[in-house]
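Accompanying notes for the structure given below.
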Amino acid sequence: WYLYTTSMGWTLTNGDGVKTVTAQFRDVKGLITRSPFPMDTIILDTVPPTGSIAINSDAKYTTLQSVTLTVTYLDATSGVWRVRYSNDGVWDTEPWETPPPAGTKAWNLLPGDGPKTVYYQIQDNAGWISSSYVDTIILDSTAPTGSIIINAGATYTNSPTVTLTLTYADALSGVKQVKYSNDGTTWTLWEPPAPTRTWTLTFPDGWKTVYYQIEDNAGNPSIIYSDGIGLDTTAPTTTATHSNPSDYVYLTGLDLFSGVAVTKYRIDYGPWWTYAGSITLPSPSPYTHVVDYYSVDNAGNQEDVKTLKVHY
């Protein structure tokens, strides 16, 4: 028995859960209270709540400052009361939210590309505050960069099969994949990046453009890069003219797309010479000569050797 007072310290029994304290009173004549006795109940909760947080379903990268937080919270004894969030882990101004969200919450990361951490705390109905739960994501809103060069920068090619020289870079999340196109509309499937790639141009002959796009690991697509080259698979045509009794032969090379790069000739199976305006046949006359000739265009196409027999 204790002397009566309006309040006193008391120790509940060990173990979290519902606790009941029952009182009995005795007056100065020895009379005591009978059942039902005065009592009160309280829930003892000595364990902080627990939970978890994931940004964008635990993604590694995001292209947007706006993200979705997936959170869990649990307190088996007193129950969860409220939660709060922070971008810096300093809880001086972050407001508590009551009731807790239904599993997800929209959130804005701090501006500027780079790693971002979101902090999360839970408070139960007993007043316990959990430790800070965190998740980190990399904000990458900057598109990757790169370049494409066809056949080392050549102006023309005589083969539809060419070699693409490629660069690709992304300073934050890194390059994930690339794709290619001959028209900028129909694309290959995304594929791993590579420094070079064999590519087939489309027919017919003409000016061709190859398009190239890059995507980083955050999902940012690059601008569309391109390079052009002239496809010329047709050999040039050379015409020889001679009029008696002249000792001159004239050659005219024609190539409708890439143009004639050089015209070659030889006289009577001698050494080959570069044509430079006219051919002077040997003297004396009359004489019979054999002139062989051909042209090569700027794409590297060479026509078959032609022969002109001259008598003057």
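Measuring with a 1.4 Å probe in the full set of protein chains, what accessible area per residue, in whole Å², belongs to segment 160-291?
Accessible surface, normalised per residue, equals 53 Å².
Heavy atoms only, 1.4 Å probe, whole protein assembly: order His242, His311, His289 by accessible area, highest first.
From most accessible down to least: His311, His242, His289.
Using 0.36 nm per residue, how much length does the chain from Lys60 to Arg266 gain when fully extended, once their Cα-Cα distance is taken away?
In short, 67.2 nm is gained.
For the chain, give the percent of accessible area contributed by carbon and sulfur heavy atoms, probe 1.4 Å, rounded to a whole number.
55
Over what distance in Å are the Cα centres of segment 121-174 and segment 79-101 separated?
If we compute the Cα centre of each part, the gap is 32 Å.
Over segment 19-86, with the other protein chains present, what is the accessible area per residue in square angstrom, probe 1.4 angstrom?
With all protein chains present, segment 19-86 gives 63 Å² per residue.
How would you classify segment 219-284 from its alpha-carbon gyration tensor, with a ≥ b ≥ c the square roots of the eigenvalues: rounded for a/c under 1.5, else prolate if a/b is greater than b/c, otherwise oblate?
Note, shape of segment 219-284 comes out prolate.
Could you name the lysines whose alpha carbon sits less than 16 Å from that of Lys60, not counting residues in the same chain fewer than 8 places away?
Lys60 reaches Lys116, Lys176.
If I ignore ligands, DNA and RNA and count only protein heavy atoms, how much of Leu189 is accessible to a 1.4 Å probe, in Å² to the nearest 10?
That residue has around 150 Å² of solvent-accessible surface.
Which residue, Val28, Val47, Val18, tops the fluctuation ranking in a GNM of the chain built on C-alpha contacts under 10 Å?
Val28
On a straight-distance basis, which aspartates and glutamates could pair with Lys306 in a cross-link, Cα separation under 14 angstrom, same-chain partners fewer than 8 positions away excluded?
Within the straight-line cut-off, Lys306 pairs with Asp268, Asp292.
Quick one: accessible surface of Glu97, probe radius 1.4 Å, all protein chains present, in square angstrom to the nearest 10.
That residue has around 60 Å² of solvent-accessible surface.
The values are calculated or read from the model by the stated rules, or taken from the named source; none is laboratory data. Remember, predicted model here, so these are calculated numbers, not experimental data. Just the protein is used for accessible areas: all its heavy atoms, side chains included, with ligands, DNA and RNA removed. Shrake-Rupley method; radii C 1.70, N 1.55, O 1.52, S 1.80 Å.
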